[in-house]
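The values are calculated or read from the model by the stated rules, or taken from the named source; none is laboratory data. Keep in mind that what you see is a predicted model, and the values were worked out from it rather than measured. Cβ placement follows ideal geometry from the backbone for every residue including glycine, while neighbour counts extend to all protein chains displayed.
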Amino acid sequence: MKIRPLQDRILIKRLDRENTSPGGIVIPDTAAEKPIMGEVVAAGAGKRLDNGEVRKLAVNVGDRVLFGKFSGTEVKLDDVEYLVMREDDIMGIIEN
């Protein structure tokens with residue numbers, strides 16, 4: 001199944017969480033927090049401005065992004081969990 005976000009919405013797949021702490025302690029899944037980083041899987045056309053023009057999104061498919069802990073709406077498609085959120089909910093793009 002495919003999904004195409006509308007307007008300034010973005011479909012994000014969370015990146016895998018770390019299973020060990022910096023000190024080497026293994027963290028069980030029940031105690032681990034959900035990751036706040038993800039990869040953009042799909043993006044809408046852009047945000048419609050008051051004058052009718054469409055402003056292109058700053059993120060592209062494949063970008064790794066940082067977002068708030070409680071941002072977006074969780075959606076499950078083909079047994080894979082995604083987040084759908086607006087571009088405003090993204091705090092930044094992670095560059096290597």
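Going by what's in this entry, would Asn96 be described as assigned to a loop (DSSP other than H, G, I, E, B), polar (S, T, N, Q) and at pLDDT 90 or above? Walk me through it before giving the result.
Numbers: assigned to a loop (DSSP other than H, G, I, E, B): yes; polar (S, T, N, Q): yes; at pLDDT 90 or above: no.
Answer is no for this residue.
For the stretch 66-75, give me each residue that is of a type in the set (D, E, K, R) and at pLDDT 90 or above.
The answer is Glu74, and nothing else.
Which of the residues spanning the stretch 14-52 are exposed (fewer than 14 other Cβ atoms within 10 Å of the Cβ) and at pLDDT 75 or above? Break it down into steps so the answer makes sense when it comes.
Taking the stretch 14-52 and keeping what is exposed (fewer than 14 other Cβ atoms within 10 Å of the Cβ), we get 16-34, 48-52.
Selection gives Arg48, Leu49, Asp50, Asn51, Gly52.
Restricting attention to the stretch 53-65, which residues are of a type outside the set (Val, Ile, Thr) and either modelled with pLDDT under 90 or surrounded by 16 or more Cβ atoms within 10 Å (Cβ to Cβ) (or both)?
Answer for the stretch 53-65, where residues must be of a type outside the set (Val, Ile, Thr) and either modelled with pLDDT under 90 or surrounded by 16 or more Cβ atoms within 10 Å (Cβ to Cβ) (or both): Leu57, Asp63, Arg64.
When Lys56 is evaluated against the numbered criteria (1) more than 17 Å from Lys34 (Cα to Cα); (2) of a type in the set (D, E, K, R); (3) under 11 Å from the mean Cα position of the chain (by Cα), which criterion, by number, is the only one it fails?
Lys56 satisfies all of (1) more than 17 Å from Lys34 (Cα to Cα); (2) of a type in the set (D, E, K, R); (3) under 11 Å from the mean Cα position of the chain (by Cα) except (3).
Could you identify the single residue in Val65, Val75 that is under 9 Å from the mean Cα position of the chain (by Cα), assigned to a strand (DSSP E or B) and not basic (Lys, Arg)?
Val65
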